[in-house]
Structures are given as C-alpha cells and as structure tokens.
Amino acid sequence: MRIKTIVIILIAVLLTIVIMQNTDEVWFKILFFKIHVSKLSVMLLVAVVAFILGWLVGRPKRVIRLGDTIGSRDPDDDEPGTLSKEDREYIN
C-alpha cells in the first residue's frame, strides 16, 4: 500500500472515533435561527464539506491554450514549431 492510502485510512479512522465520541445534543445558533442538533451531525457535515472543498481545490486543472482548437493545425505542417505557409511567404 502507498503511504497516501495509509494516511487517508488513518485520518478516516480518527475522524470516525472523534465523531462517535461526541453524540450529545447542543444548541447551534446560525444567523437568526437556533437549532437543537447533535454534535455528531454537525461534525459529520463539516467533515463532508471540508472533503468536498479539498477535492475541488486539489483536483488537476484542464489547460486551455489560446488558439488551440480542433482542426486549427495545417495538415501540410508536419513538424510542430515550424513556420506556416503564410509566415514563409511573408519572410520571403
């Protein structure tokens, strides 16, 4: 197993232990509302939101290059980085 997998399993186990130890109910004040809910629910909700935010921030990004569209390459241009026909004509 890779170290990353082991760390993820350890964090999940520790998070589960902490959440299960906090099952008593408390009052939470959210803006203008007062809610009577268990700590377990709130901690689980925060963990899920944190996971989703971490995944969104850490995922690989797609690279979009300017001017790189499908079919934009000249079929006569065999090597990348060479001049186009228009550029060659302009230089000559």
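The values are calculated or read from the model by the stated rules, or taken from the named source; none is laboratory data. Quick caveat: nothing in here was measured; it's all calculated off a predicted structure. SASA here: full protein model, heavy atoms, side chains in, ligands and nucleic acids out. Shrake-Rupley method; radii C 1.70, N 1.55, O 1.52, S 1.80 Å.
Rg/Rh, computed from the Cα trace of segment 1-67 with Rh as the Kirkwood radius, has the value 1.19.
Measuring with a 1.4 angstrom probe and ignoring ligands and nucleic acids, Arg88 comes out at about 110 Å² accessible.
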